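The structure appears right after this line, and notes come after that.
Computed from the coordinates by the stated procedures, all read-outs in this text should not be read as laboratory data. Note that this is a predicted model, so its numbers are computed, not measured. When we count neighbours, we look across all protein chains shown, and the Cβ atoms used for this are built from the backbone with ideal geometry, even at glycine.
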Amino acid sequence: MKNYLTASISASAIRHNIAALRQRIGPDVRLCPVVKDDCYGHGMDVLYPVLSGLVDGFAVASPHEALALRRRGYKGFILCLLSAYFDELEVQDDLVRQSITQTVMSSTALASIRAAAERVGEMAQVHLKVDTGMGRLGVPVSQAGDLIGSIHELADVELMGIYTHFASADEADKTTALQQLHQFKSIIPPTKNLMLHAANSAAAIDLPETHFNMVRLGIALYGYRPSDALLHTMELKPCMEVGAKLIAVKHIRKGGRSGYGLTHEYTRDSRVGIVPIGYGDGYFRCLSDRAVVRIKGMNAPVCGQVSMDQMTVDITDIPAVKVGDEVEVISSDPQAPNSVENLARLAGTIPYEITCHLGHNIRHVLVD
């Protein structure tokens, strides 16, 4: 971890987003945030104390993420979206022992979970995932009924919920999402005490008919729109701001060059600053000569190739800049040229990828 790189995570922004999303989904629908990959790169260490008292459970990707939540002392609902695989018998036993809800996607997975329940001597809690058109993980719709029946026949495995995942709920055309919804509804049994969930952030915002009694919120929780094509708007507040300090200031004459490959030529006598962040810290190399940072509220263009752990910015038009000055690498203002959303557009990717890459090297702190 590099203490000179800081991701400031706003607790008030998280609280605002949760309140706004709860208003959207209504009081009777559970809100279960997806906190995989270290809360999409925002940092579980800083966000857990904020989230744990405001939400109705957590969804994680891996068994190890689920068990880590239990070690933090969380006693509520945890859904593990991926099963324990291969020879992870001890891990699967721990999931059952610690009442972590596992996902069943096949008869093979069910047999594995049942074996763990038998070894531990406790009831295993499961949710069934149904593939309604994503073409990824999940039991096919045509086989879902049989698998539900198989679970009900077992004395030591309890079906607690059923879910699916949308492939294109973040697009303006909802045809495919609504087809998936129809498929999902067709396999829901008449049992009334199941957790039913399909909505991701995009569906939570755009498709109220997908809310059922729980929604799994991802990117919107952290304050970013799932896409620019949503039909409805929400006032979300990005919760992350990434800062650094200038470690050097130097003069380069007109015609001089900088960076690997000397790809950037200065068209005037220039002052440049060196910022200690690069692609090794999650700041994409494809932002070279395209992005800006902000210093003293003014834009400083990135000049030349972003290196592994530093980059050069043009500070010619920003007076009195000196070594040690604060650099706003990523802004929490969604309208800023260096916001997560705008950097994603420049990089030809999605906000998820920008935030997820900003994890391991950068110190995360909770503010306000």
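Side notes on the structure shown:
- Mean-position separation - Cα centroids, the stretch 42-57 and the stretch 289-340, in angstrom: 30 Å
- Backbone N within the stretch 347-368 under 12 Å of label point (7 Å from Ala68 Cα along the Cβ vector): 359-360
- Once both labels are positioned 7 Å from their Cα atoms along Cα-to-Cβ, the gap between Arg345 and Glu88 label points is 3.9 nm.
- Relative contact order (percent, whole number), the stretch 11-222, Cα cutoff 8 Å, 6+ residue spacing: 20 percent
- Built amide H within the under 5 Å cut-off of Leu5, gap 5+: Arg363
- Judged by the gyration tensor of its Cα atoms, with axes a ≥ b ≥ c, the stretch 11-222 is oblate; a/c meets the 1.5 cut and b/c is at least as large as a/b.
- Net charge over other residues, Cβ less than 12 angstrom from the Cβ of Gly218 (K, R count +1; D, E count -1): +1
- Each residue of the stretch 328-341 was assigned a 3J(HN,Hα) from its phi angle through the Karplus expression (A = 6.51, B = -1.76, C = 1.60, θ = phi - 60°), giving 8, 6, 10, 9, 8, 7, x, 8, 6, x, 10, 6, 4, 4 Hz with x at Gly and Pro.
- Think of the stretch 1-53 as having a plus end and a minus end, set by charges on the Cβ of Lys, Arg, Asp and Glu; of Ala20, Gly41, Ser10, Ala20 sits farthest toward the positive end of this dipole.
- Arranged from fewest to most other beta-carbon atoms within 10 Å of their beta carbon, Lys296, Lys174 become Lys296, Lys174.
- Here the gap between Glu158 and Asp173, fully extended at 0.36 nm per residue and compared with their Cα-Cα distance, gives a gain of 1.7 nm.
- Virtual spin-label span in nm between Leu366 and His232, 7 Å along Cα→Cβ: 3.0 nm
- Distance between the C-alpha centres of the stretch 1-36 and the stretch 175-201: 25 Å, rounded to the whole angstrom.
- Amide H contacts under 5 Å for Val157: Ala124, restricted to partners 5 or more places along the chain or on a different chain, H placed in the peptide plane at 1.01 Å from N.
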